[in-house]
Amino acid sequence: MTEGRPALARDLMRLSGGAVTADADLRQYGRWRTGGRAWLVVEPSSAEGVRATLSYLADTDLPRLVIGDGSNVLFDDQGFDGVLVRIGPSLSALRFNGLEVTAEAGIWVPRFVRLLGQRGLKGLEHAIGIPGTLGGLVMMNGGSRRQGVGSSTVNVRGCDMRGAPFTRSRAECAFRYRGSTLQDDGLIVLETDFRFEAAERGALRREMISIMGERRRKFPKAQPNCGSVFLSDPRMYEVIGPPGAAIERAGLKGRRIGGAQSSPLHANFIVNLGDARSDDILSLIHLIRTTVHDQTGFWMDAEVRHIAPDGRVRPAHEAAAAHAAPQTA
Ligand SMILES: Cc1cc2nc3c(=O)[nH]c(=O)nc-3n(C[C@H](O)[C@H](O)[C@H](O)COP(=O)(O)OP(=O)(O)OC[C@H]3O[C@@H](n4cnc5c(N)ncnc54)[C@H](O)[C@@H]3O)c2cc1C
């Protein structure tokens, strides 16, 4: 497979208009700073570059995956045997028209929210502290304080994994808690139209400062992590509380496996203490999930996605169970 790589890399450089890296260290691309090596990483310079790259790859049998900032993915220690297409700052153009804004998928969410605040546009303040790209946020209807980006969304444009374009209205995206039909159908977000409300800039600024202060107090910052690992389940919430409370009750707050630890500050965050392997994180996810289930009867599902070497993407708890299976067999 490695023989054909230089020619493929040259083609992808031309089609994507951006950088192409062979044998890339995945620790640079995921916020947990773990994982093996990627066969090829492409960073297209435009939306057209993303479409051209995916359309070209559709004619190969290589695994392929689109990521943003890697703030919600766990790469495998065995690496990724295919082409990783990374949407980043080159795709961060914005168009403002009164209360309407069109944004490209690669813009950094905190930067986007700050720019909205400076223009007196209200609706996305809850996302000020979410360290990912807008495309990743829209795809999964991310947000905080029980809100999601979908409520300000009007239309989403992008392409499928073969590069074919689509446009979906908010209704067609059917945004739900941390999910949408974009996610269900494996579509790639390239541009989103929003509609916001007018608000006083000072009030928006104060709101954002307050949200950031609260997040700084509650969440670990210094060690690499991917934010909340487990999703909140409304049924469990009523009886036990959020995942962090359930993990704490199970006596696993601060629990360590290898270089991975359930954060002593917020149990639903797993931090990399410096030398963690992805396998340590998977083992800890499995231990937490099975212990909480034994004690409460609730299965907690992971929000974070695991990327297998063959390109399979699945919630990390599923990969964690498969990883644990041979050891318990
Ligand atoms: C410290 C910390 C705090 C966090 N807090 C929150 C929070 O409060 N609320 C919240 O919702 N999330 C939170 N997250 C998780 C994460 O930041 C968000 O889910 C973010 O939106 C993911 O964006 P990304 O660009 O990093 O996506 P990635 O991690 O790169 O990818 C995540 C998934 O999205 C897919 N994807 C990426 N880009 C696109 C695209 N353009 N089109 C289609 N699919 C795409 C990938 O294939 C992958 O399946 C937090 C993470 C961290 C590290």
The number of residues in segment 108-123 that are in contact (Cβ under 8 Å) with a residue 40 or more places away in the chain and either under 17 Å from the mean Cα position of the chain (by Cα) or closer than 14 Å to Ser92 by Cβ (or both) is 3
From the list Asn272, Asn268, which one is assigned by TED's automatic domain parsing to the domain that holds Ala321, under 19 Å from Glu318 (Cβ atoms) and in contact with a Pro (Cβ under 8 Å, 6 or more places away or on another chain)?
Asn268
Run Val42 past the list (1) buried (at least 24 other Cβ atoms within 10 Å of the Cβ); (2) without any contact (Cβ under 8 Å) to a residue 24 or more places away in the chain and report the number of the one that doesn't hold.
(2)
Out of all the residues in segment 268-294, which are touching a Gly at 6+ places or on another chain (Cβ under 9 Å) and over 16 Å from Lys221 (Cβ atoms)?
Asp275, Ala276, Arg277, Ser278, Asp279, Asp280, Ile281, Ser283, Leu284, Thr291
Take segment 146-156 and flag every residue that is surrounded by fewer than 21 Cβ atoms within 10 Å (Cβ to Cβ) and either closer than 11 Å to Arg178 by Cα or near the ligand (Cβ under 8 Å from one of its atoms) (or both).
Arg146, Gln147
Answer yes or no: is there a residue in segment 130-143 that is under 18 Å from Val156 (Cβ atoms) and over 18 Å from the mean Cα position of the chain (by Cα).
no
Being polar (S, T, N, Q) and either surrounded by fewer than 23 Cβ atoms within 10 Å (Cβ to Cβ) or at pLDDT below 95 (or both) is the filter here, so list the residues in segment 245-272 that pass it.
Ser263
For residues that are in a loop (DSSP other than H, G, I, E, B) and either acidic (Asp, Glu) or surrounded by fewer than 23 Cβ atoms within 10 Å (Cβ to Cβ) (or both), tally how many sit in segment 62-80.
8
Looking at segment 131-144, I want the residues that are within 17 Å of Asn225 (Cβ to Cβ) and part of a loop (DSSP other than H, G, I, E, B) and have a partner that is of a type in the set (A, V, I, L, M, F, W, C) and near the ligand (Cβ under 6 Å from one of its atoms) with Cβ atoms under 8 Å, at least 6 apart or on another chain. Which pairs are those?
Gly142/Ile130; Ser144/Ile130
I need the full set of residues from segment 86-98 which are assigned to a strand (DSSP E or B) and either buried (at least 23 other Cβ atoms within 10 Å of the Cβ) or not aromatic (Phe, Trp, Tyr) (or both), in order please.
Arg86, Leu94, Arg95, Asn97
Given (1) loosely packed, with under 13 Cβ neighbours inside 10 Å; (2) within 10 Å of the ligand (Cβ to nearest atom), where does Cys159 come up short, assuming only one miss?
(1)
Of the conditions (1) within 12 Å of the ligand (Cβ to nearest atom); (2) of a type in the set (A, V, I, L, M, F, W, C); (3) over 14 Å from the mean Cα position of the chain (by Cα), the single one that Ala174 does not satisfy is (1)
Restricting to segment 177-190, and then to whatever is farther than 15 Å from Glu303 by Cβ and in a strand (DSSP E or B), can you tell me which residue is farthest from the ligand (Cβ to nearest atom)?
Leu190
Applying the selection to segment 128-145, what residues are closer than 16 Å to Lys218 by Cα and either among the aromatic types (Phe, Trp, Tyr) or more than 7 Å from the ligand (Cβ to nearest atom) (or both)?
Ile128, Arg145
Within segment 105-125, can one find any residue that is within 12 Å of the ligand (Cβ to nearest atom), touching a helix residue (DSSP H, G or I) at 6+ places or on another chain (Cβ under 9 Å), in the same structural domain as Cys159 (by TED's automatic domain parsing) and of a type in the set (Phe, Trp, Tyr)?
yes
Looking at Asp279, is it within 16 Å of the ligand (Cβ to nearest atom) and not small (Gly, Ala, Ser)?
no
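Yes or no, residue by residue, for (1) farther than 16 Å from Gly150 by Cα; (2) in contact (Cβ under 8 Å) with a residue 12 or more places away in the chain; (3) out of contact with any strand residue (DSSP E or B) (no Cβ under 6 Å at 6 or more places or on another chain):
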{"residue": "Gly186", "(1), (2), (3)": "yes, yes, yes"}
{"residue": "Ala198", "(1), (2), (3)": "yes, yes, yes"}
{"residue": "Gly202", "(1), (2), (3)": "yes, no, yes"}
{"residue": "Arg215", "(1), (2), (3)": "yes, yes, yes"}
{"residue": "Val229", "(1), (2), (3)": "yes, yes, no"}
{"residue": "Pro234", "(1), (2), (3)": "yes, no, yes"}
Options Val101, Val83; residue that is touching a residue at least 24 places away in the same chain (Cβ under 8 Å) and either closer than 30 Å to Phe194 by Cα or in a loop (DSSP other than H, G, I, E, B) (or both):
Val101
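The values are calculated or read from the model by the stated rules, or taken from the named source; none is laboratory data. Note that the structure is a prediction, hence the values are computed from the model and not measured. Here the Cβ is made from the backbone with ideal geometry for all residues, glycine too, and neighbour counts use every protein chain on show.
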